[in-house]
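Presented below is the structure to which this report refers.
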Amino acid sequence: MFRSSIFNFESFEGFGPRVPNGLLCAVALVCCVELGVRVAPDTWLFPYYSRLGFRGFMEHEVLPKFKEPKIAIVGTSRAADAFNPKALDEALGLPEFSTVNLSIFGSRTSDWLDLYQRNRAKLSHCKLFVVTVDEWTFNSGVGNDDQFSLDAPLADRWNYAIPHFERLREVSPHEKEKQREIIESTQLKRNYLLADWVFSMRLKLGYVPQAIAKSLKLGKKRDPIFDQYHMVRSTSAESGKETLDPKNFHERIRNFYKNFNPHPIYFRHIEELARLIKEDGGRLVIVHLPNRRSYQNEVDKLFPNEYAKHLSVTQDLAKRVGARFEYRKYPEEIGLVDTDYEDYCHMVLSGTMKSTKWVAEILRSELNTK
Amino acid sequence: MQFNSFAFLAFFAVVFPLYCVLNFRWQNRMLLAASYLFYGWVEPRFLCLMALTTIIDFFIGIRIGDAEAETTRKRWTVASIVMNLAILGVFKYYDFFALSIAENLGRIGITLNPLLIKVGVPAGISFYTFHEISYTVDVYRKHIRPARKFEDFAVFISFFPQLVAGPIGRASWQMPQFEKPRRMTWQGWCEGALLMLFGFFKKMAVADAMAPFAAKVFSNPHVCSRSQLLIGLYCFSIQIYADFSGYTDIARGLARLMGFDLIENFNQPYFATNITDFWRRWHISLSTWLRDYLYIPLGGNRGGKFNTYRNLFLTMFLGGLWHGASWKFAVWGSMHGIYLAAHKFMMGDNEAELKPRAAIPSEHSEQMAAVGGEAARDYAAPKNVARSKDSWPVRVVKTAVTFHLVALTWIFFTAETMTDALAFIKGIFSHTKVVAGKAIKLDMGDLSGAAAAVLVMILIIDLPQYVKRDHCAILKWNLPVRALVYATLFIWIVMMRGLENVPFIYFQF
């Protein structure tokens, strides 16, 4: 062994190494678990009612009902509850099963791109592809990004925090502190994305007990329901008086807007989606639905700049990809009243009909545009 | 730099291999540089402050060691203590007391606009100040010789595993370890890695999982039902134990890997059967520090019953204030002072209940005495904690009572204000109904997950340690069980995906 006056390994005298059997066995166990969840098919692992399983439900249970859809809608639970495909078909004078609502609760840009890529043969028939964005759709500060965490290429994970460092040079000194917080949160998310790349069990292992229960037919069946309106309503809406207290909105609002930072990676997904749709001869429409008035009032009080920024970056994105962007800030602008909402944004059937009517007008003009 | 961060992972990935190949002198120099980098990562503004007090205390130590006259030695010791406490006072307490005085004078019509420092509390100042005082006093008491090499002393003060949240280093135990070459052993590596695994599990799987519930309840005590308040209180009680003992385990594990032995800081405190027992098991490095450098100099139990109770109360009151410049910490400390005095009063002359029984022969204790002298033997506290002779049902009841008494004090420790703390207690003990539509919601699914982690912590970590009186008892288990335990803990840690890097609670002190 090389020895010098500085490097002399003296601490190792009498070290007495042994084979770390316990450690090796533990590593083998961890590898087995990781391999197990990696090879388990998604259809077995993710129950339809789960966020990651919902895509499977859409692909295997909903999409086959539509032979050649003309309009496809994607978005989150808000869009799932807001648009009635059957009513849209009627309003637009299209045959039944022309409009499909593929909204998945908690989904993000990568899910929509992924859904299109996986089902391109069928979705390429669509003349219009409607993307319903939420305030947090492009925000890197929001965490629920499961599909992206599983599927993102290594380069996207590795470079996740880089755009934010670049932005640090551009911001004014008084904004630097805020930007640093954003960087910290983005770095943490980058680290998680890297950890997810190594250990897919981080996301998948939690589903194993449910998958086993499902295989053994234990517990009650909780599959989503494709209803008579051709909708798959989400179960995300919250009920109870306390959910309507404006003060109780604050926690949610802070979660959505904390470290608010529209991330280029999410724009890239939409840009790629727009490119594919264009290639297939379709057209992209981006819409943003209004929140319940009492909730929006709190947003206006707490994060007005962030909300405005969300709208402006979405507008810019729409311009870049040549898509139409339609939004309404307040519910009364499309005739929605308080009772049309179940919670801060999810709609009951009366609200669904009003928002469907509103979007039908937009889509009609788009269909008529050459 | 947080232990539970990727920055620390990268830091240690560089420091540890380097440490392994260097000779002992260069190890100390490299550790010193690494510790300052570690501290500067958190508090670059206050690096100079730590360096300044280190330099002053180093030279004072030499003066005390060289002086022959008792008065000179005493004078230098007092100078060091005053300097350290003055710096601690200015940075940690000045603003608080200045504002409190101004506020109280304002009530009687005297307006005062005090000059405030407003620079924030330097991270870890309470810990390294106590390291420094321990060194000076131990040199004065001739428990150790003064350090002759500055780097040895400086690295003892700033040693990164224990710098910002302890365990509070005792010079008579630790200084010799910095002055002689360390030996890394296979056993030390196994123990170090195991302690780190335990520490990360406690922090990331238990404390961080409990944190959102505790935070939610403690920030809205006015709109919580009684059951929610109790859930919040239990969650915080578990969180603070898992968080702080997790930090200690990681610190001790890191040190063990490098061939150091830090004193044990926790010994299943919630299994304590009375409050005195609790303080022998909770934050042992602080409680023994307070005993040796505050309670005993105050007179300890030598001046009659009243003076003993007064000294206990004063020690715990000041121990409370040590945590932070706030009356709520003072109340927390005072409650413990009252508990301890009351327990001593109830026990009367039954000293057996209060004192550890005859020291259980332990390698650790002997080893400590060999390196740090007789004064260091006491620090092997966990081996010396006696078990109650009561039957197990009585012990369970006593443990439950002690736990709830302690939990009650956490309300003051963590509530945002005194008003919130009082509202919390009122909520627990009254039948006030929460107005419909105003109540908070706790996610019972997530809470069940967190509770499962607590169960794993108790069954895999705490119970074996308690039964075997050995923090690394698992190393003696058979291979398949050990492997299963390691894999389970590791997978559990890997599975955690909180949105924020929750800092260790004791980082703020």
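Observations on the structure shown:
Yes/no per residue for (1) in contact with a helix residue (DSSP H, G or I) (Cβ under 6 Å, 6 or more places away or on another chain); (2) buried (at least 21 other Cβ atoms within 10 Å of the Cβ); (3) within 14 Å of chain B (Cβ to nearest Cβ); (4) touching a residue at least 12 places away in the same chain (Cβ under 8 Å):
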{"residue": "A:ASN8", "(1), (2), (3), (4)": "no, no, yes, no"}
{"residue": "A:PRO41", "(1), (2), (3), (4)": "no, no, no, no"}
{"residue": "A:ARG55", "(1), (2), (3), (4)": "no, yes, no, yes"}
{"residue": "A:PHE66", "(1), (2), (3), (4)": "no, yes, no, yes"}
{"residue": "A:VAL74", "(1), (2), (3), (4)": "yes, yes, no, yes"}
{"residue": "A:ALA80", "(1), (2), (3), (4)": "no, yes, no, yes"}
{"residue": "A:ALA87", "(1), (2), (3), (4)": "yes, no, no, yes"}
{"residue": "A:ALA91", "(1), (2), (3), (4)": "yes, no, no, yes"}
{"residue": "A:PHE97", "(1), (2), (3), (4)": "no, no, no, yes"}
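- Yes/no for B:LYS216 being basic (Lys, Arg) and buried (at least 24 other Cβ atoms within 10 Å of the Cβ): no
- Checking every residue in region B:162-182 against the condition of being farther than 24 Å from B:TRP41 by Cα, of a type in the set (S, T, N, Q), out of contact with any Gly (no Cβ under 6 Å at 6 or more places or on another chain) and not assigned by TED's automatic domain parsing to the domain that holds B:TRP492 gives at least one match.
- Which numbered condition A:GLU135 fails, given (1) within 14 Å of chain B (Cβ to nearest Cβ); (2) under 26 Å from A:GLY351 (Cβ atoms); (3) among the charged types (D, E, K, R): (1)
- Residues (charged (D, E, K, R) and within 19 Å of B:SER126 (Cα to Cα)) located in region B:15-67: B:GLU43, B:ARG45, B:ASP57
Conditions tested, residue by residue: (1) in contact with a Leu (Cβ under 8 Å, 6 or more places away or on another chain); (2) buried (at least 20 other Cβ atoms within 10 Å of the Cβ); (3) of a type in the set (Ser, Thr, Tyr).
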{"site": "A:LEU302", "(1), (2), (3)": "no, no, no"}
{"site": "A:LEU311", "(1), (2), (3)": "no, no, no"}
{"site": "A:LYS319", "(1), (2), (3)": "no, no, no"}
{"site": "A:ARG328", "(1), (2), (3)": "yes, no, no"}
{"site": "A:GLU332", "(1), (2), (3)": "no, no, no"}
{"site": "A:GLY335", "(1), (2), (3)": "no, no, no"}
{"site": "A:THR339", "(1), (2), (3)": "no, no, yes"}
{"site": "A:HIS346", "(1), (2), (3)": "no, yes, no"}
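- The helices (runs of 4 or more DSSP H) found wholly in region A:293-370 and carrying at least 2 residues that are of a type in the set (A, V, I, L, M) and farther than 25 Å from A:ASN248 by Cβ occupy A:304-321, A:349-368.
- The residues of region A:245-297 that are hydroxyl-bearing (Ser, Thr, Tyr) and buried (at least 16 other Cβ atoms within 10 Å of the Cβ), listed by number, are A:TYR257, A:TYR266, A:TYR295.
The rows are residues; the columns are (1) part of a helix (DSSP H, G or I); (2) within 14 Å of chain A (Cβ to nearest Cβ); (3) at pLDDT 95 or above.
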position	(1), (2), (3)
B:GLY106	yes, no, no
B:LEU115	no, no, no
B:LYS118	no, no, no
B:LYS142	no, no, no
B:ALA154	yes, no, yes
B:ILE168	no, no, no
B:MET175	yes, no, no
B:MET184	no, yes, no
B:LEU197	yes, yes, yes
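- For region B:293-334, the set of residues classified as aliphatic (A, V, I, L, M), touching a Gly at 6+ places or on another chain (Cβ under 8 Å) and under 22 Å from B:GLU416 (Cβ atoms) consists of B:LEU321, B:ALA330, B:VAL331, listed by residue number.
- Any hit, region A:302-322, residues being acidic (Asp, Glu) and more than 30 Å from B:VAL223 (Cα to Cα): yes
- Verdict on B:LEU233 being more than 14 Å from chain A (Cβ to nearest Cβ), assigned to a helix (DSSP H, G or I) and either more than 28 Å from B:ASP470 (Cα to Cα) or free of Cβ contacts under 8 Å to residues at least 12 places away in the same chain (or both): yes
- Selection of region B:1-27 for residues being more than 10 Å from chain A (Cβ to nearest Cβ) and either closer than 18 Å to B:ILE87 by Cβ or in contact with a Lys or Arg (Cβ under 8 Å, 6 or more places away or on another chain) (or both) yields B:PHE3, B:ASN4.
- In this structure, A:GLY16 qualifies as within 14 Å of chain B (Cβ to nearest Cβ), small (Gly, Ala, Ser) and loosely packed, with under 15 Cβ neighbours inside 10 Å.
- Residue among B:SER134, B:SER80, B:SER126 that is within 29 Å of B:ASN28 (Cβ to Cβ), among the hydroxyl-bearing types (Ser, Thr, Tyr) and free of Cβ contacts under 8 Å to residues at least 60 places away in the same chain: B:SER80
- Among (1) more than 14 Å from every other protein chain (Cβ to nearest Cβ); (2) free of Cβ contacts under 8 Å to residues at least 60 places away in the same chain - the single one B:SER35 does not satisfy: (2)
- Checking A:LEU45 against (1) modelled with pLDDT under 90; (2) in contact with a Leu (Cβ under 9 Å, 6 or more places away or on another chain); (3) more than 14 Å from chain B (Cβ to nearest Cβ), the condition it does not meet: (1)
- Some residue of region B:419-437 being within 11 Å of another protein chain (Cβ to nearest Cβ), on the phi < 0 side of the Ramachandran plot and touching a Lys or Arg at 6+ places or on another chain (Cβ under 8 Å): yes
- Counted as qualifying within region B:402-484 are no helices (runs of 4 or more DSSP H), as none has 3 or more residues that are β-branched (Val, Ile, Thr) and surrounded by 13 or more Cβ atoms within 10 Å (Cβ to Cβ).
- Scanning region A:8-36 for residues that are β-branched (Val, Ile, Thr) and within 25 Å of A:ARG202 (Cα to Cα) gives A:VAL27, A:VAL30, A:VAL33.
- Residue check for B:VAL494: assigned to a helix (DSSP H, G or I), away from chain A (no Cβ under 12 Å) and either at pLDDT 85 or above or within 23 Å of B:LEU233 (Cα to Cα) (or both): no
- Restricting A:VAL37, A:VAL62 to those that are away from chain B (no Cβ under 14 Å), assigned to a helix (DSSP H, G or I), more than 18 Å from A:VAL285 (Cα to Cα) and of a type outside the set (Asp, Glu) reduces the list to A:VAL62.
- Test for A:LEU24: is it more than 7 Å from every other protein chain (Cβ to nearest Cβ) and either in contact with a Phe, Trp or Tyr (Cβ under 9 Å, 6 or more places away or on another chain) or exposed (fewer than 12 other Cβ atoms within 10 Å of the Cβ) (or both): no
The values are calculated or read from the model by the stated rules, or taken from the named source; none is laboratory data. All values reported here derive from a predicted model rather than from experimental measurement. We place every Cβ from the backbone using ideal geometry, glycine too, and count neighbours over all the protein chains shown.
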